[in-house]
Amino acid sequence: AQTVTQSQPEMSVQEAETVTLSCTYDTSESDYYLFWYKQPPSRQMILVIRQEAYKQQNATENRFSVNFQKAAKSFSLKISDSQLGDAAMYFCAYRTAQGLTFGEGTQLTVNP
Amino acid sequence: NAGVTQTPKFQVLKTGQSMTLQCAQDMNHEYMSWYRQDPGMGLRLIHYSVGAGITDQGEVPNGYNVSRSTTEDFPLRLLSAAPSQTSVYFCASSRVQGFYGYTFGSGTRLTVV
C-alpha cells in the first residue's frame, strides 16, 4: 500500500519570503499522480497543484511550484512571495485507484 | 454550479444514535468518496464509489455504511454512533478516476457525546 509522510508538522515564513514544505511517499508503481491540497481555517479543501509522475517537468501554478524527485520519492511544495492568505494546513496526497492517500499535514503560519 | 454539497455542517449525537450525512454533487462525476479528518492523521478514506450501484470499503470503514443509488448522491450512514467517530467528515468527487484531483465538500463536524 502507498504511504505518504509529511515530516514537518508546523512551518512558518515571513510575508514575501519563500518556504518549502516536504513530502515523501512510498510506492511500487511507476506511473502515478501526486497532489498538494490547502486547507485554510474555513476547512475547505482546495487543490493547489498536481504532478504526473511520468512527466519530468516540475508542475507550477503561479507562486506555487513543486520539486518532484521520482527516484527519491520526494514531492516538496515551494511557495514563493508568501502572502498572509497562504496561511493554512497543507496536505500532500497520492492518488490510488480507491481515492487519495494523505500525509499528516503541515500547518503553515505566515508572519507579517 | 454548486460543486459538492454536504449537509449538515455541524452535528452533535449521543452515543448509540444513528444518522446520515448527506453528500450531493452536480458535476456528473463518477467517483465519490468519504473521508474523515482527525488531528495529526490527515484524511483517511472511509468508503468510495466508482459509479451508481457500486461501493467499496476504504481504509476505515467500520461503523459506517454507504449506498449509491444515483450518480449525484452518496450518503454516509453512522449505524450506532461512538465517541471514536467524533471527527470532521468530507465528501469528495472526481472525474476520470481522480487523475485530476478530487473536489471536496465543505465538511461536517460531528461530535459524539
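Can you send over the carbon and sulfur percentage of the accessible area for chain A, probe radius 1.4 Å, protein chains only? If you can, show how the numbers build up before the last one.
Working: 2410 of 5340 Å².
Percent of accessible area from carbon and sulfur atoms in chain A: 45.
Per residue, how many Å² of accessible area does the protein assembly as shown show with a 1.4 Å probe? Let's see the in-between values first.
Numbers: 10470 Å² over 225 residues.
On a per-residue basis, the protein assembly as shown sits at 47 Å².
Compute the relative contact order of chain B as a whole-number percentage, counting only Cα pairs closer than 8 Å that sit 6 or more residues apart in sequence. Display every interim value, and only then the final one.
Details: 301 pairs, mean separation 40.3, N = 113.
It rounds to 36 percent for chain B.
Short version: what are the Cα gyration tensor semi-axes of the range A:35-75, square root of 5 times each eigenvalue, largest first, in whole Å?
Numbers: eigenvalues 101, 23, 12 Å².
Square roots of five times the eigenvalues give 23, 11, 8 Å.
Are there any residues in the range A:88-112 with a reduction of at least 20 Å² in accessible surface when going from the isolated chain to the assembly of protein chains? Probe 1.4 Å, please list them by number.
A:Phe91, A:Arg95, A:Ala97, A:Gln98, A:Gly99, A:Leu100, A:Phe102, A:Glu104
Could I have the simple spin-label model distance between B:Thr20 and A:Phe64, label points 7 Å from Cα toward Cβ, reported in nm to one decimal?
The answer from the label model is 3.4 nm.
I'd like the mean, over residues of B:99-110, of how many other protein chain beta carbons sit within 10 Å of each residue's own Cβ.
Details: counts 5, 6, 12, 8, 3, 8, 3, 4, 5, 1, 1, 0.
So the per-residue partner count for this stretch is 5.
Rounded to the nearest 100 Å², what is the sum over both chains of accessible area buried where A meets B, with a probe of 1.4 Å?
1800 Å²
Where the accessible area of chain B is counted over protein heavy atoms with a 1.4 Å probe, how much of it, in %, is carbon and sulfur?
Of the solvent-accessible surface of chain B, carbon and sulfur hold 50 percent.
I'd like the distance between the alpha-carbon centres of the range A:89-110 and the range B:1-49, rounded to an integer number of Å.
A separation of 17 Å, based on Cα centres.
Over its Cα atoms, what ratio of radius of gyration to 2.2 N^0.38 Å does chain B give?
Here the Cα radius of gyration is 0.99 times the empirical estimate.
Taking every alpha carbon pair in the protein assembly as shown, what does the distance histogram look like in 5 angstrom bins from 0, in percent?
So the P(r) values, bin by bin, are 1, 7, 15, 18, 18, 16, 12, 7, 3, 1, 0.
Output needed: percent of Cα pairs per 10 Å distance bin for chain A, bins running from 0 to the one holding the longest distance.
15, 50, 29, 6, 0
The values are calculated or read from the model by the stated rules, or taken from the named source; none is laboratory data. Here the structure is a predicted model, which means the values were calculated and not measured. A quick note on method: Cβ atoms are made from the backbone with ideal geometry, for glycine too, and the neighbour counts reach across all protein chains shown. These accessible areas exclude ligands, DNA and RNA; they are computed on the full protein's heavy atoms, side chains included. Shrake-Rupley method; radii C 1.70, N 1.55, O 1.52, S 1.80 Å.
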